[in-house]
Amino acid sequence: MPMTTDALPTAGAARSAPDRLLAVLAAFDHDHPALSLTDISRRAGLTLTTAHRLVGALTEWGALERDASGVYHVGLRLWEIAALAPRGLALRQVALPYLEDLYEATHENVQLAVRDGDEVVYIEWLSGRSAVGVHIRVGARWPLHATGVGLALLAYGELAAQEEYCQGELASFTPYTITDGAQLRRALAEVRRTGVAVSSRQVTEDALSVAAPVRGPGGAVVAAVSVVVPQAGAQVPVLAPAVRVAARGISRALGWRPDEPRRGSAIPGRGTSSS
């Protein structure tokens, strides 16, 4: 499920200086983009004195910024650092022309995501005015089994990791969310058979997504692209070819050649594999 920082260690726990520093940064998330010093202290599980010292150092460096009211926000220095991540801005820049083509062909929500452990992280999202509402934003995280991009990424991961995931607890968001390991195994097998993942009403009951894997130079799946449409009247046979074309275009732009033997991914990260 989406990540939260409300359950961070308490102030009395033995924690190293790097742990405390990272706890301050982890206090910020999409639901808490602006925090007072007291809020940071509470959410990071730190004493007010320690939080004040660490926040001061982070603000001086540029990781945090303080507005006129005394509230803190994530600073541009972190954005500059994050832009260097090969699975973030660099991948997004390569993929964007193909995502725009997919949007022009469908005028629906178009998404690009990567895997991080047992979650999918969205690194790009294009949306039209009349597109179906989705609970997605850049940087958002969701469990792999509940989204089209997540199913596409999980289906091409290591078999041992797939089995471990299927045996774990599967969070439910609607009555249609896959919560049974055997059902998830069948869904993943279907993704591998067809080359696309279909997630219907798993996150919201009015939406359906069609996703396809994106491969890196060695053939490993490094990302997934999807289109999200209203569930009512969704035409998967029409959408699937368009999503495949976008995924194949991004893959080729990354250096993938389908006639070459697969090897390790050129865009490393947790959850990627050479399968």
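The values are calculated or read from the model by the stated rules, or taken from the named source; none is laboratory data. Just so it is clear, the structure is predicted and the values come from calculations on it, not from any experiment. Here the Cβ is made from the backbone with ideal geometry for all residues, glycine too, and neighbour counts use every protein chain on show. The area values use the complete protein model at the heavy-atom level, side chains included, leaving out ligands, DNA and RNA. Shrake-Rupley method; radii C 1.70, N 1.55, O 1.52, S 1.80 Å.
Counting charges near A187 (Lys, Arg +1; Asp, Glu -1) among other residues having Cβ under 15 Å from its Cβ returns a value of +2. Using C-alpha pairs under 8 Å with a sequence gap of at least 6, the mean separation divided by the residue count of the range 42-123 gives a relative contact order of 14 percent. Taking 7 Å steps out from each Cα toward its Cβ at H32 and E169 produces label points 2.1 nm apart. Take every Cα pair under 8 Å whose residues are at least 6 apart in sequence, average their separation, divide by the length of the range 167-247, and the relative contact order is 23 percent. When +1 charges are put on Lys and Arg Cβ atoms and -1 charges on Asp and Glu Cβ atoms, the dipole computed for the range 164-262 relative to its Cα centre reaches about 460 debye. The C-alpha radius of gyration of the range 141-215, expressed as a fraction of 2.2 N^0.38 Å, stands at 0.99.
Remark: the range 109-215 carries 41 Å² of accessible area per residue (probe radius 1.4 Å; ligands, DNA and RNA excluded).
Computed in the context of the full set of protein chains, the accessible area of the range 147-193 at 1.4 Å probe radius has 47% of its extent on carbon or sulfur. Counting every C-alpha pair in the range 54-127, the share spaced more than 15 angstrom apart comes to 66%.
At the listed q of 0.14 Å⁻¹, the Debye profile of the range 20-77, built from one uniform point per Cα, gives log10 I(q)/I(0) equal to -0.29. Put the Cα centre of the range 178-217 next to the Cα centre of the range 219-236 and the gap is 9 Å. Look at the alpha carbon pairs under 8 Å that are at least 6 residues apart: their mean separation over the length of the range 116-257 gives a relative contact order of 21 percent.
Length, then width, then depth: along the principal axes, the Cα atoms of the range 173-268 run 41, 28, 22 Å. The simple spin-label model puts a point 7 Å past each Cα toward its Cβ; for V71 and T194 those points are separated by 4.4 nm. Taking 7 Å steps out from each Cα toward its Cβ at T177 and E205 produces label points 1.5 nm apart.
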